[in-house]
Each structure stands twice: as structure tokens, then as C-alpha cells.
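Quick notes on the structure that follows.
The values are calculated or read from the model by the stated rules, or taken from the named source; none is laboratory data. The structure displayed is predicted, hence computed values, not measured ones. Positions of Cβ are backbone-derived with ideal geometry, glycine not excepted, and every protein chain shown enters the neighbour counts.
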Amino acid sequence: MAKSIYVRNLRKEDLTAIVDIEDRATGVARRAYWEARIDISEAIRPHWASLVAEADNRVVGFVFGRAGELEFGLPGTIAWIEIIGVDPAYRRQGIAAKLIEEFTSSAEDHGIKKILTLVSKSSTEMEHFFTRLGFAQGQMIHFQKDLKS
Ligand SMILES: CC(C)(COP(=O)(O)OP(=O)(O)OC[C@H]1O[C@@H](n2cnc3c(N)ncnc32)[C@H](O)[C@@H]1OP(=O)(O)O)[C@@H](O)C(=O)NCCC(=O)NCCS
């Protein structure tokens, strides 16, 4: 566990840090995408559902989530974890775990009883991560259709 991790709500000014984290992790910098993503979060999503983690006085991890009511035939309000990312240099220090801990605690504070996320079958790291945090495979199945274009 890192010495000092501070989790707070995501702000517009975190854009550059988030772009950089993805760039360092994947080699792809998508400033326009993240700018729009942050705008959506700021505009329509509960503020507690998108968070950043700071360590060494800079943003080193983030989670984007949302709350959805009566969606997919599910009762009540569900919290969704949509994207989570940690700077490669700060991984395995409990940063993502702390982000999810804060996300979970806020969801509980808002009366939410279930958190959902989607994990690719080919991503064993994400599967291990969520399993370690107490998530289990659920009862929903996802459908998809490949398009020609
Ligand atoms: C998955 C991810 C979020 C984990 O972040 P992290 O801060 O390193 O995770 P934590 O340190 O909180 O890990 C908690 C537990 O999850 C498990 N875990 C984390 N990363 C793991 C990995 N790569 N493989 C297997 N298990 C893993 C471990 O059990 C870990 O506990 P331990 O270190 O005590 O064994 C991070 O690796 C990541 O950002 N991956 C890329 C995800 C992505 O593509 N995001 C979008 C673009 S940036």
C-alpha cells in the first residue's frame, strides 16, 4: 500500500493527468475523448461516481462511474464502474483498491445496493483485480453484434 493516497471527486483540471495516464499505459493520447468524457461526468453524473487518486501531489489514478435507475430490467439504482486506470508507475500500491473503496462507500451512502462492471474475458488482470475486491461474476449476459463497417 502506498504511503499516502488521497481520493477526491474528479475535476475538469484533471484532464491532462488522465490523458497522460492513458498515454503512459497504452501509448495512445486521446485528449478530445477524455475532455468530452469529463464534460459528461460533470454535467449528468453524480459527482461521487467519478474520482481521482492523488499520490506524491499528483493524480495517479482515476475511476469513471455512474448511477443508473431501473436499467436492464434490474430493480432500484445500480452503480456502474465504467473505466478505471492507474499510472503504470504507481500500480500494485493499493491505489485502484482505494478508488473502488471510496466509490463503494459513496454508493452505499446513496442507498445503492449493487455495483456492476464489465470485464473482457481476455483481461485476466481486471478479473483478478475485481475478484480480489470482492466482486463475483453476475447473472447478466451481454450480447453483441459485429458490424461490417
Ligand atoms: C487493474 C488496475 C486498475 C489495478 O490498479 P492498481 O492500483 O495496481 O491495483 P491495486 O494495487 O489496488 O490492486 C489490488 C489487488 O488487485 C489485484 N491486482 C491488481 N493488479 C493486478 C494484475 N495486474 N494482475 C493480477 N492481479 C492484480 C491484486 O490482488 C491486488 O492486490 P495485491 O497487490 O495486494 O496482490 C491497473 O492495473 C490498470 O490501470 N490497468 C489498466 C486498466 C486500463 O486499461 N484502464 C484504461 C486505460 S488507463
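Go through Glu108, Glu101 for me and flag whichever is away from the ligand (no atom under 12 Å from the Cβ), at pLDDT 95 or above and surrounded by 11 or more Cβ atoms within 10 Å (Cβ to Cβ).
Glu108
Being outside any helix (DSSP H, G or I) and surrounded by 12 or more Cβ atoms within 10 Å (Cβ to Cβ) is the filter here, so list the residues in the range 7-50 that pass it.
Val7, Arg8, Asn9, Leu10, Arg11, Ala29, Arg30, Arg45, Pro46, Ser50
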Practice prompt. Please find, among Arg58, Arg66, Arg45, the residue that is in contact (Cβ under 8 Å) with a residue 40 or more places away in the chain, of a type outside the set (Val, Ile, Thr) and away from the ligand (no atom under 11 Å from the Cβ).
Written response: Arg58
Worksheet item: Which ones in the range 123-139 are closer than 26 Å to Leu51 by Cα and either basic (Lys, Arg) or assigned to a loop (DSSP other than H, G, I, E, B) (or both)?
Response: Ser123, Arg132, Leu133, Gly134, Phe135, Ala136, Gln137, Gly138
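Here is a list: Val28, Val86, Val19. Which entry is in contact with a helix residue (DSSP H, G or I) (Cβ under 9 Å, 6 or more places away or on another chain) and in contact (Cβ under 8 Å) with a residue 24 or more places away in the chain?
Matching residue, one of Val28, Val86, Val19: Val86.
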Worksheet item: Does Ala53 count as in contact with a strand residue (DSSP E or B) (Cβ under 7 Å, 6 or more places away or on another chain) and part of a strand (DSSP E or B)?
Response: yes
Worksheet item: Do you know which residues across the range 70-84 are under 20 Å from Glu125 (Cβ atoms) and surrounded by 20 or more Cβ atoms within 10 Å (Cβ to Cβ)?
Response: Ile81, Ile84
Discussion item. Testing Pro46 on (1) touching a Ser or Thr at 6+ places or on another chain (Cβ under 9 Å); (2) farther than 25 Å from Ile115 by Cα, one condition comes back false. Which one is that?
Written reply: (2)
Discussion item. Can you tell me which residue is farthest from Glu13 (Cα to Cα) among those in the range 69-97 that are assigned to a strand (DSSP E or B) and within 16 Å of the ligand (Cβ to nearest atom)?
Written reply: Trp80
